[in-house]
Amino acid sequence: MNFWSRSRAQASGAALRGAALLAIGLGSAVPALAADVIRVVSPYQTTTLDPMRSAAAGNIETYGQLYSRLLRRDPESGALEPALAESWDISADGLTYTFHLRDAQFSDGSPVTADDVAFSLDRIRTDKKSAYPAPLGAVESVTVADPKTVVVKLKSAFAPFLGNLEIWNMGIVSKADFEKQGEENAFSTAPVTSGPYAVKEWKPNEKLVLEPNSHYWRQGYPKSDASVELIEIASPETRVAMLKAGEVDVMRAVPWAQIDDLKSVENIDMRLEPSTTIYMTLLNHKREPFSNMKARQAAAYAIDNKALAKAITRGYAEPANTTLPGSIDFHDDEYPGIPYDPAKAKELLAESGMAGHEVKILATAAATEQQMALLLQAQWQAIGLKPVIVNVDGGAWWESTGKGDYDAAANWWYNETPDPDLAVRWAVCGSCGSNSYNTFYENPKVDELVEKGTTETDTAKRAEIYKEIQKITTEEVAQIPLYYAPNAVAYSKRIEGIKLTPSLQWTLEDTSIVK
């Protein structure tokens, strides 16, 4: 995800990309499945039920079950569709969006009104505790025309706006319940929800139990009247054992080494689902050696990302060719990327004057991060750098990268929508509030192109803008692209209709239990 447009919220917002790597789940043994329960096991925690407050992976997956947005994406085609807004109008100048709400209810039976929509959107874009205001950064105002009509005015034309309204934190909450109970109580145990599910029970660090919302606006959904348990288990070995034993229906984050084994299990559907995830290496542009472009280029030419992707993912991920995820709109599939060329790497390093320089590679205990750090260390050492792996916990990782107290760090992030705007703002824009994902890369030309890309409405012209951004940032080594990874998820064949979308949303409302 690409977090934050202009504010202090960077550290917690960025948690999404890293929180996926860093989250720790606790859990206990789960009894054999009841016929009326669907169980999902994941390493990612639910830490808050307030859709505005966190950008961590576990919360993102939860929010989609609890809160409806104005628009939704068809899980098969990816097309934007009406949701709480049954229709909308756009002014000729592209600055005013008028949303017409359907007759919908919250889980307590109260109507979803324009006041609720305006209240929810304004919390996201103006509240200091908002984890991710960036998607609404172009909004000038949100006003209520009547109980079923919301008017959003933009500061300037903004091509990705409708798509941004479908992002995980855009869920509509009850203004009346918020004002009645106060912020903390309204989201503490059983919030009033607008999505397909309501909260039945929440045991933090263990599980969140959901039940179908009988007032959900999509008639006939959820398709199953089963309750849903989102169970948090840190150990991948434990998660695999639970799935094989039939104790859970879905396993999130299957380790690459377990995929082939699970493919051979008769009652398990092992899938590699599309994602917008990119694994890459952060380089700190604030200090030597990587404040020197030739040293960065040397580091990039030294990495055999084809071999690295094969070694880490068993060949299930695609080597990356640009700084942006491979599956987003306007990705330049034809761009050759930076090839593996250790001789050129040595030549560039010599020209940079950084040969023999120590490189502090920051890494958490996560298995993939450790593997990436070791491979980077070996390949950089081979060209004449002196890489040292510094192991830290998750909190220290974010603190160090945020302050620029590191030289390199392998990590991942994903984009919430198919549109590249949030991706470039997160990863390569020096003036967008993210410090180019803590690399401190800054190129005024790129920043200018980022802004140009949001206001350009011609699709062909937008494509050229984002191709230019990819070319510049890859050649200047804003980051070192490693590989594009699918979401590895295993499912019991006793359920159907479920998937994890590229936006990290479960299609639980479309899920049914095979009789």
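The values are calculated or read from the model by the stated rules, or taken from the named source; none is laboratory data. Keep in mind it's a predicted model, so treat the numbers as computed, not measured. Because the Cβ atoms are built from the backbone with ideal geometry, glycine has one as well, and the counts that use them run over all protein chains shown. Quick note on the areas: whole protein, heavy atoms, side chains included, nothing else; ligands and nucleic acids left out. Shrake-Rupley method; radii C 1.70, N 1.55, O 1.52, S 1.80 Å.
Annotations
- Between Val265 and Ala79, the FRET efficiency estimated from the beta carbon spacing at R0 = 35 angstrom works out to 0.55.
- The fraction of accessible area contributed by carbon and sulfur in the stretch 342-381 is 54 percent, rounded to a whole number (1.4 Å probe; ligands and nucleic acids excluded).
- Treating each Cα of the stretch 227-282 as one equal point scatterer and applying the Debye formula with no solvent, the log10 of I(q)/I(0) at q = 0.15, 0.22 Å⁻¹ comes out as -0.50, -0.95.
- The lysines whose alpha-carbon is closer than 26 Å to the alpha-carbon of Lys148, local same-chain residues fewer than 8 away aside, are Lys175, Lys180.
- Cβ-based charge dipole, the chain, positive-most Cα from Pro160, Leu349, Asn411: Leu349
- Three-way shape label, the stretch 208-249, alpha-carbon gyration tensor, a/c 1.5: prolate
- 1.4 Å probe accessible area per residue over the stretch 445-515, in Å²: 36 Å²
- Correct option for percent of Cα pairs over 41 Å apart [calculated from the coordinates] among [x] 20; [y] 23; [z] 27: [x]
- Protection proxy ranking for 324-334, 100-110, using the average of other Cβ atoms within 10 Å per residue and placing the highest first: 324-334, 100-110.
- The lysines within cross-link reach of Lys346, meaning a Cα-to-Cα straight distance under 18 Å and a gap of 8 or more places when in the same chain, are Lys294, Lys386.
- Taken one residue at a time, the phi angles of the stretch 110-125 give Karplus couplings (6.51, -1.76, 1.60, θ = phi - 60°) of 6, x, 7, 10, 4, 4, 5, 5, 4, 4, 5, 5, 5, 4, 5, 8 Hz. Gly and Pro are set to x.
- Among beta bridges that DSSP assigns inside the chain, antiparallel share in %, nearest 5: 80 percent
- The residues of the stretch 303-400 expose, per residue, 47 Å² of accessible area to a 1.4 Å probe.
- The share of accessible area on the stretch 420-515 that comes from carbon and sulfur is 49 percent, using a 1.4 angstrom probe.
- Share of carbon and sulfur in the accessible heavy-atom surface of the stretch 121-170 [1.4 Å probe, %]: 52 percent
- Surface analysis of the stretch 145-296 yields an accessible area of 40 Å² per residue, using protein heavy atoms and a 1.4 Å probe.
- Averaging 1/r over each pair of different alpha-carbon atoms in the stretch 420-483 and inverting the result gives 11.6 Å, the Kirkwood hydrodynamic radius.
- Neighbourhood net charge (12 Å Cβ-Cβ; Lys/Arg +1, Asp/Glu -1) for Lys153: -1
- Considering only Cα atoms, the convex hull volume of the stretch 252-372 works out to 138 Å³ per residue.
- Among beta bridges identified by DSSP and lying wholly in the stretch 81-203, the antiparallel ones come to about 100 percent.
- Charges were assigned to the Cβ only: +1 to each Lys and Arg, -1 to each Asp and Glu. The resulting dipole of the chain about its Cα centre is roughly 800 debye.
- For the chain, with +1 on Lys and Arg beta carbons and -1 on Asp and Glu, the positive-most of Ile231, Ala134, Val450 along the dipole: Ile231
- Overall size of the stretch 401-515 from C-alpha positions, given as principal axis extents largest first: 59, 40, 22 Å.
- Residue among Ala253, Ile361, Ile172 farthest towards the positive dipole end of the chain, charges placed on Cβ: Ile361
- Packing-based ranking of 368-378, 471-481, 72-82 yields 471-481, 368-378, 72-82, ordered from highest to lowest mean Cβ neighbour count within 10 Å.
- Shape index of the stretch 96-193: Rg/Rh, with Rg the Cα radius of gyration and Rh the Kirkwood radius from the inverse mean 1/r over Cα pairs, equals 0.96.
- Between Thr276 and Asn415, the built amide H atoms are under 5 Å apart, and every one of these is 5 or more places off in sequence or on another chain.
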